[in-house]
Amino acid sequence: MKKYGKITTIGRVAVLFTCALPTCPDAFAASVTTNEHKPKPAPGNQKGSVQAALQPETIHVSGANAHAEHLQHVGGSIAHLSREALIQAHVTTVNDLQNVVPNLQVENAFGGGQPQFHLRGIGFFDYGSNNTPDVMTYVDGVAYPIGVMTQGVMFDLAGVDVERGPTGYTSGRSVTGGNIMMQTADPTKTLTAGISEDIANRARSKTDLYVSGPITRRLSYRISAETVHGGAYEYNRATGEHIGNADLGAVRAKLRWEANDTTTINLSGHYGIDRSDSTPGYLINSVTSGGYIPADSDHYATGWGMSRQFANNLHLNPNSKPFRNNQSWGVDINIQKEFSWARLTSISAYEVMYRRELNDWDATPAANADEYFDSNLSIFSQELRLASHDRGPITWNAGLYYFKEDLQDAMYSNFQNAFGFNTETRYSQPDQGFSEFASITYRPISHLRIGFGLRHENEWKELDNFYTQRSTALVPATHYDRKTGMDQVSGKASIEYDIRPNVMAYFNIRRGVKEGGFSAYNVSAPSQLTPFKPEWLMAYELGFKSTFFNHRLRINGAAFKYDYHDQQVQSAIEDPTIGAIGKIINAPRSSLWGVELEAQAEPIRGLHLTQNFGYEQGQYEQFQALNIAASQATGASGNGYQTINKNMQGKDMGFPKLQLSGSASYDIRLPGALRGYILTPEANYSYRSEEYAVILGPLYNIKPYFLLNTSLTFRPKNGKWSVTGYVQNALNRTYDLTRNFFTTSNFGIVGPPRFYGARVSYTY
């Protein structure tokens with residue numbers, strides 16, 4: 001066996017680790033090409049015949065190992081999690097990724113259904129349904145540009161990649177933070193099926209199943225489904241009733257048609273429903289509005305309730321638990337056409353999301369802050385890419401991307417006890433954008449690659465017929481229309497050098513951009529609807545990737561520095577008549593830097609070790625934030641509220657500085673009567689340092705926490721079935737996922753306590 005760069009030659013068969021990212025034409029895709037389709041030499045051309053005979057067959061290999069190996073030759077910081085790693089770490093939602101990926105934080109706004117992403121400190125807080133996050137989630141190459149869409153899509157996965165830093169130069173949409181890229185399992189050419197049942201305490205259960213196989217020689221299918229139930233760990237402080245049970249299900253169907261030797265068509269459709277409980281918080285301080293309730297000493301205690309008027313308007317029972325009743329469905333078609341000189345890829349997708357969600361953000365039976373969301377979202381997207389084959393010193397990629405979103409949104413707020421009224425906010429938000437992108441890589445010598453990428457993006461967004469109607473108002477509310485947009489160029493320059501065949505160093509500079517938007521909350525003054533601007537940053541990254549000892553040790557590292565401009569920040573403005581109003585604003589300039597280190601090792605056969613390290617730090621360079629307490633105090637004079645700012649220059653941006661995670665497992669090959677079976681003990685941990693609430697104050701800081709999970713798996717060597725017992729949060733640590741306030745309540749959202757359970761799986 002001889003190794004030539006990324007190609008391993010065994011006899012006449014060469015194994016080529018192909019590109020498997022959305023930045024390449026076919027994420028996780030498998031394609032097979034042999035020399036039987038290449039032009040044959042003319043009769044009598046013995047030289048050509050000899051060359052053809054000596055030319056090895058080239059087989060493009062898919063799968064987790066090939067994909068992981070390919071990533072070792074990509075000049076960027078990308079965390080890869082295989083299907084097995086996701087199961088072992090019990091990653092069941094996109095939020096769980098923060099426990100295994102350094103410098104990633106995902107927390108749901110106020111404990112509701114809207115996740116808030118931060119990657120390398122890039123991200124912002126927003127509980128509404130209408131703004132694009134700084135970290136884009138993709139499923140099979142299709143962008144999910146609204147955070148609430150990402151809940152409940154993580155089943156039957158082939159793997160997940162988390163790409164850090166600005167993206168969009170070779171595919172997809174443009175964001176400043178990075179991408180979370182999920183790839184679902186593809187149809188197979190042989191009949192296979194599997195089922196997994198996971199049962200834990202607190203009546204928690206998760207069932208997964210799939211069936212896959214051929215229909216004809218060129219047509220194959222895959223059908224998969226998942227249901228999740230139970231798991232409530234919070235309780236009503238007055239009645240003892242539990243809250244937090246999951247109740248969701250989803251199904252996905254995929255067809256793969258190899259129309260001919262050069263054309264492949266993948267059709268996918270999915271449907272999901274989420275009828276889970278929402279998760280209200282515990283009270284950090286006592287509450288007096290609507291009746292005195294002391295602060296909760298037990299962080300798993302909570303409360304809920306709403307006024308009868310509010311319930312009647314929404315046709316709800318006044319004693320209803322906070323809930324979700326969300327539905328989503330979508331269809332996409334991925335067409336790949338191979339030419340002798342390039343590959344053409346077309347991805348067409350249509351996604352729909354219905355958000356029906358009731359939250360209690362005062363965590364009491366009083367009608368202080370009950371929120372109901374009624375959001376209808378539809379998104380069409382079309383992407384076309386043309387990419388050269390990896391031949392010769394120059395490779396290139398070019399494409400177009402178009403999207404059109406339509407959001408019809410309503411938000412109902414129950415402020416009866418706190419302010420004496422309820423509100424209804426409605427608006428529509430059409431949004432569309434068109435982008436062109438291109439990249440080129442030049443290899444002057446075999447070990448050196450120089451790359452350039454460019455993207456131009458136009459985006460148009462409107463806020464139409466926006467109004468907030470108070471229940472006490474005698475006249476209809478004023479309706480507002482607003483517009484914003486983006487016309488931006490982003491780009492990338494990179495250099496990669498192979499120090500050894502399995503050791504690579506790289507450096508890149510990227511300019512990233514992300515669209516602006518609206519603070520579409522309960523409007524109190526027209527100034528609240530002024531759109532916030534697009535943000536942009538210059539990112540500098542230096543890193544290395546290395547593999548040693550015949551792939552038994554892998555160490556990757558990166559250091560980054562960001563110059564951040566017009567950062568989108570959840571803050572407030574001061575209105576002369578009303579006072580402080582929550583609003584997303586732009587911080588003119590910030591800076592961030594950090595490092596990441598990821599290592600995997602198998603020092604002896606069967607012993608698998610991983611260790612991840614992430615450190616990041618950021619500060620505001622130029623930012624005048626509203627001093628809410630001082631500004632509100634000026635209203636006591638009777639001359640209106642005055643704006644008093646505090647200078648944030650040099651202030652820390654607040655995100656956790658240190659994140660650690662790791663795992664250890666050992667495959668014990670059993671002797672005697674159990675010969676042929678394997679017993680695998682495993683443990684994994686995660687640590688996150690303190691998160692500081694710079695704008696809100698120290699009361700809302702999230703303390704550091706350490707989580708430990710353990711498991712024990714019994715399986716045969718062929719892996720057709722397995723039985724696993726596990727404990728999550730084995731030390732039963734009490735920790736907060738987020739802290740915040742809404743109207744009268746300061747509250748925290750507690751993380752899950754100890755869960756212990758068993759998982760049984762079988763594959764046919």
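At 0.36 nm per residue, and after removing the present C-alpha to C-alpha distance, how many nm does the segment from residue 637 to residue 599 gain when stretched out fully? Show your work: numbers first, answer last.
Working: separation 38, 0.36 × 38 = 13.68 nm, distance 6.08 nm.
Stretched out fully, the residue 637 to residue 599 stretch lengthens by 7.6 nm.
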- Using the per-residue mean of other Cβ atoms lying within 10 Å as a proxy for protection, in what order, highest first, do the peptides 555-566, 665-676, 506-517, 596-607 fall? 506-517, 555-566, 596-607, 665-676
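Per residue, how much accessible area does segment 402-456 show when a 1.4 Å probe rolls over the protein heavy atoms, in square angstrom?
Details: 2340 Å² over 55 residues.
Per-residue value: 42 Å².
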- Task: Express in whole angstrom the spacing between the alpha-carbon centres of segment 435-478 and segment 132-171.
- Result: 15 Å
- Task: Run through all the Cα pairs of segment 599-691 and give the fraction in each 10 Å bin from 0, expressed as whole percent.
- Result: 13, 21, 18, 14, 12, 10, 8, 4, 1
- Leading residue at positive end of dipole, the chain (Cβ point charges), from 595, 689, 712: 712
- aspartates and glutamates with Cα under 13 Å of residue 321, excluding same-chain neighbours fewer than 8 positions away: 234, 241, 277, 357, 360, 370, 371
- Two-decimal Rg/Rh of segment 316-364 from alpha-carbon positions, Kirkwood Rh? 1.43
- Task: Pop out the carbon and sulfur fraction of the accessible area of segment 600-709 as a percent, whole number, probe 1.4 Å.
- Result: 56 percent
- In units of 2.2 N^0.38 Å, the Cα radius of gyration of the chain is 0.99
- Could you tell me which trypsin sites (Lys or Arg not before Pro) in segment 355-423 are loop residues by DSSP with no more than 12 other beta carbons within 10 angstrom of their beta carbon? 391
- Message: Taking θ = phi - 60°, what integer Hz values does the Karplus form 6.51 cos²θ - 1.76 cosθ + 1.60 yield along segment 242-248, in sequence order, with x for Gly and Pro?
- Response: 7, 9, x, 5, 7, 7, 9
- Determine the calculated [θ] at 222 nm for the chain from helices alone, applying -39500 (n - 2.57) to every DSSP H run no shorter than 4 residues and normalising by the residue count; nearest 500 deg cm²/dmol. -1000 deg cm²/dmol
- Message: Could you work out the relative contact order of the chain? I mean the mean sequence separation of Cα pairs under 8 Å and 6+ apart, divided by the number of residues, in percent.
- Response: 10 percent
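Skip the ligands, DNA and RNA, and give the accessible area per residue of segment 166-256 with a 1.4 Å probe, whole Å². Don't jump to the answer; show the numbers that get you there.
Working: 3510 Å² over 91 residues.
So segment 166-256 comes to 39 Å² accessible per residue, rounded to a whole number.
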- Task: About the Cα centre of segment 63-763, how large is the charge dipole given +1 on each Lys and Arg Cβ and -1 on each Asp and Glu Cβ? Please answer in debye to the nearest 20.
- Result: 1760 debye
- Query: For the residue pair residue 495 and residue 577, what label-to-label distance in nm results when each label sits 7 Å from Cα along the Cα-to-beta-carbon direction?
  - Reply: 6.0 nm
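Considering only protein heavy atoms and a 1.4 Å probe, what is the carbon-and-sulfur percentage of the accessible area of segment 151-302? List each step's numbers first, then the result.
Values: 3420 of 5760 Å².
Here it works out to 59 percent.
If the limit is 32 Å between Cα atoms, which of 189/492; 657/717; 533/646 go over it? Mind dumping the intermediate values first?
On the way: 189/492 39 Å; 657/717 42 Å; 533/646 21 Å.
Over 32 Å apart, Cα to Cα: 189/492; 657/717.
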- Note on the structure: For segment 543-554, in residue order, the Karplus 3J(HN,Hα) values (coefficients 6.51, -1.76, 1.60; θ = phi - 60°; whole Hz; Gly and Pro = x) are x, 9, 9, 8, 9, 10, 6, 6, 6, 7, 9, 10
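Quick one: if you take sqrt(5λ) for each eigenvalue of the C-alpha gyration tensor of segment 616-764, what semi-axes come out, biggest first, whole angstrom?
Details: eigenvalues 542, 55, 24 Å².
Equivalent-ellipsoid dimensions as semi-axes: 52, 17, 11 Å.
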- So, in nm, how far is label residue 487 from label residue 337 when the simple model puts each one 7 Å beyond its Cα toward the Cβ? 3.3 nm
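Provide the per residue accessible area, probe 1.4 Å, for segment 613-740, rounded to a whole number of square angstrom. List each step's numbers first, then the result.
Working: 6340 Å² over 128 residues.
That works out to 50 Å² for each residue.
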- Using 1/(1 + (r/R0)^6) with R0 = 25 angstrom and r between the beta carbons of residue 675 and residue 84, what's the FRET efficiency to the nearest 0.05? 0.60
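Share of segment 395-507's accessible area from carbon and sulfur, percent, 1.4 Å?
Working: 3200 of 5510 Å².
C and S atoms contribute 58 percent here.
How do 685-698, 90-103, 361-374 rank on mean C-beta neighbours within 10 Å, highest first?
Numbers: 685-698: 17.1, 90-103: 21.8, 361-374: 25.6.
Ranked from most to least packed, the peptides come out as 361-374, 90-103, 685-698.
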- Unit charges at the beta carbon, dipole of the chain: most positive-side option, 255, 66, 491: 66
- Message: With the crude spin-label approximation of a point 7 Å out along Cα→Cβ, what separation in nm comes out for residue 408 versus residue 731?
- Response: 5.1 nm
- Task: Please calculate the 1.4 Å probe accessible area of residue 734, with all protein chains present, and give it to the nearest 10 Å².
- Result: 80 Å²
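The values are calculated or read from the model by the stated rules, or taken from the named source; none is laboratory data. Worth saying up front: this structure is predicted, and the values here are computed from it rather than measured. As a convention, Cβ positions derive from the backbone with ideal geometry for all residues, glycine included, and neighbour counts pool all protein chains shown. With ligands, DNA and RNA removed, areas are computed over all heavy atoms of the protein, side chains included. Shrake-Rupley method; radii C 1.70, N 1.55, O 1.52, S 1.80 Å.
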